[in-house]
Amino acid sequence: MCAGMLKIRFKQVLQESEALFSRVLMEENMATYVEDIYCMYEKLKNETHRFQNIYMVYLDFAQAIHAIYKYLKEHQVTEEDALIVLCELCIETTHMVLDRFSFIQLAYYYAVKKAYLKLIITHALTSLDSLQMAQELEEQVLDVELEKSMKACHIEEYFAYHHVEELIEIVYIMESSFDIFLDRVTSKDHEDRIIERII
C-alpha cells in the first residue's frame with residue numbers, strides 16, 4: 001500500500017464505483033481495491049518521462065485506465081469483463097459530470113468551446129480542477145492538442161509499450177462520451193450497444 005496518499009478524484013471515482021467492481025472481484029479484494037489501484041496508477045505515473053510526445057491529459061487518462069485494467073487482470077478478471085467494467089466506469093463517470101450542466105451550458109461548450117468540453121470529459125476520471133483546465137486551455141499548444149483525437153496524439157504508443165493495445169477501445173468510447181450522453185436521453189439501450197461492440 002502507498003503511504004500518505006492524497007485524496008484525489010481518481011480515488012473518489014473508484015470508491016463511488018464499488019458496485020461495479022464488486023461484480024467482478026472476489027470479496028477479499030474489495031477491502032483494498034481503491035488503494036491498490038491507486039498505487040498501480042502512481043507507479044505508472046513514474047514512467048511519464050518515457051512518453052513525452054503524448055499530451056499529458058491524454059496520458060493521465062491512459063495511465064488511469066491501464067492501472068484499473070492491470071489490477072483486474074492480476075485478480076483473474078477476464079479481458080472481456082475487465083473491458084466491460086472500464087467501459088461502464090468511463091460512461092458513468094462522464095455522464096455524472098455532464099449531468100451537472102444545464103442544456104444551455106452544454107450547447108455553449110459544444111458550439112463555442114469544444115476543447116473545453118473534451119477536457120472536461122477526459123478529466124472526468126482523474127481530475128476536475130477547473131482552474132487547472134482553464135490554465136491548460138490558455139496555452140495555444142494545448143488547445144491544438146485538444147482539437148486532435150487521442151489516437152492522433154500518439155496514445156497508441158503508450159498501450160503498445162505496455163502490451164495492452166486492447167485499451168484503445170476505451171479511448172474511442174471516451175472520445176464519443178458526449179454523443180453517448182446525448183443519446184442516453186432518447187435511447188436507454190444505447191450504452192449496452194456500445195459495450196457489446198467491444199466483446
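The values are calculated or read from the model by the stated rules, or taken from the named source; none is laboratory data. Please read all numbers here as calculations on a predicted model, not as lab measurements. Virtual Cβ from ideal backbone geometry, glycine too; neighbours counted across all protein chains shown. Please note that ligands, DNA and RNA were not included when accessible areas were found on the heavy atoms of the full protein model with its side chains. Shrake-Rupley method; radii C 1.70, N 1.55, O 1.52, S 1.80 Å.
Averaging the Cα positions of each part gives two centres, and for segment 61-81 and segment 119-158 these lie 23 Å apart.
Take the cross-link list LYS113/LYS148; LYS73/LYS114; LYS45/LYS151 and give me the ones stretching past 24 Å between alpha-carbons. Don't skip to the end; give the middle numbers.
Details: LYS113/LYS148 14 Å; LYS73/LYS114 35 Å; LYS45/LYS151 20 Å.
Table pairs above 24 Å Cα-Cα are LYS73/LYS114.
Going by a ≥ b ≥ c, the root eigenvalues of the Cα gyration tensor, does segment 1-99 fall in the rounded group (a/c under 1.5), the prolate group (a/b larger than b/c) or the oblate group?
Note, shape of segment 1-99 comes out rounded.
When only Cα pairs below 8 angstrom with a gap of at least 6 residues are kept, the chain shows a relative contact order of 26 percent. Free of any GluC sites (Glu not before Pro) that DSSP assigns to a loop and that have at most 14 other C-beta atoms within 10 Å, the longest stretch within the chain is 48-138. Per-atom-type breakdown for the chain gives carbon and sulfur 52% of the accessible area (1.4 Å probe, protein chains only). With contributions of -39500 (n - 2.57) from each DSSP H run of at least four residues, the per-residue ellipticity at 222 nm computed over the chain stands at -20500 deg cm²/dmol. Given the options ALA160, ALA62, ALA31, which has the most mean-square fluctuation in a GNM of the chain, springs set between C-alpha atoms less than 10 angstrom apart? So, out of ALA160, ALA62, ALA31, the one fluctuating most is ALA31.
Take segment 1-145 with all the other protein chains still there, run a 1.4 Å probe, and you get 51 Å² of accessible area per residue.
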